[in-house]
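Input: a single structure, listed below in structure tokens.
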Amino acid sequence: EIKIENIHRQAMFVILQFTAAFGAVIFGVIQDKWGALKTFNLTLVIWIISIIAIFGVKPITAVVNSMGIAISVQWMFVIITSIAGMGLGATQSSSRAIVAVFAPESKIGEFFGLWGISGKVAAATGLFSLAILQSFLSFRDSFLVLALFFVAALLINMKVNEERGIETARNYKE
């Protein structure tokens, strides 16, 4: 869509590693103050913003260039994906924390097993869904539908009562 070259892919891969690690650390600190669920919801907001920015990478680049900063669409894409990378690390760490606080002590292995398999299923179905969307929509437009998936996840998560989940896990008896 935007004709990224190997140099952009390589830079994106390296930068993503660092921004994902940065996101995991920074959001770990935020999580200590806000709690796991609120932090996870914030990561979903980062994903929504990142995906919409990827969708609008060409107009964003035009705005940045109009301010006297010369940058190509490809490098703007790398910058935007680095923000998504921060969301990636933050999402992984905060979702792991949610599982830990919602799992009864005697069932923690089962909860993490379910979390692990559901993550793999979500990754596979997400890629498959994106491929199907791309057959009906353009590659670019399919990103907007992907953003809607994240919005749906955010809306569902906003109904979860973290304190109640923690208390239920704490009081669980076999």
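The values are calculated or read from the model by the stated rules, or taken from the named source; none is laboratory data. Quantities reported herein were computed from a predicted structural model and do not represent experimental measurements. Cβ placement follows ideal geometry from the backbone for every residue including glycine, while neighbour counts extend to all protein chains displayed. Keep in mind that these areas ignore ligands, DNA and RNA; they rest on the heavy atoms of the full protein, side chains included. Shrake-Rupley method; radii C 1.70, N 1.55, O 1.52, S 1.80 Å.
Observations, loosely collected:
- Residues that are more than 18 Å from THR43 (Cα to Cα) and either among the charged types (D, E, K, R) or exposed (fewer than 11 other Cβ atoms within 10 Å of the Cβ) (or both) occur at least once in the stretch 139-153.
- Restricting attention to the stretch 158-168, the residues that are among the basic types (Lys, Arg) and outside any helix (DSSP H, G or I) total 1.
- Set side by side, the residues LEU155, LEU144, LEU130 differ, and just one is at pLDDT 95 or above and part of a helix (DSSP H, G or I), which is LEU155.
- So THR61, is it touching a residue at least 40 places away in the same chain (Cβ under 8 Å) and surrounded by 14 or more Cβ atoms within 10 Å (Cβ to Cβ): no
- Condition met for GLY35 (on the phi > 0 side of the Ramachandran plot, out of contact with any Pro (no Cβ under 7 Å at 6 or more places or on another chain) and surrounded by 14 or more Cβ atoms within 10 Å (Cβ to Cβ)): yes
- Selection count where residues are surrounded by 13 or more Cβ atoms within 10 Å (Cβ to Cβ) and assigned to a helix (DSSP H, G or I), scope the stretch 1-16: 5
- Total residues in the stretch 78-92 satisfying the condition of being in contact with a Gly (Cβ under 8 Å, 6 or more places away or on another chain) and open to solvent by less than 10 Å² (accessible area, probe 1.4 Å): the figure is 4.
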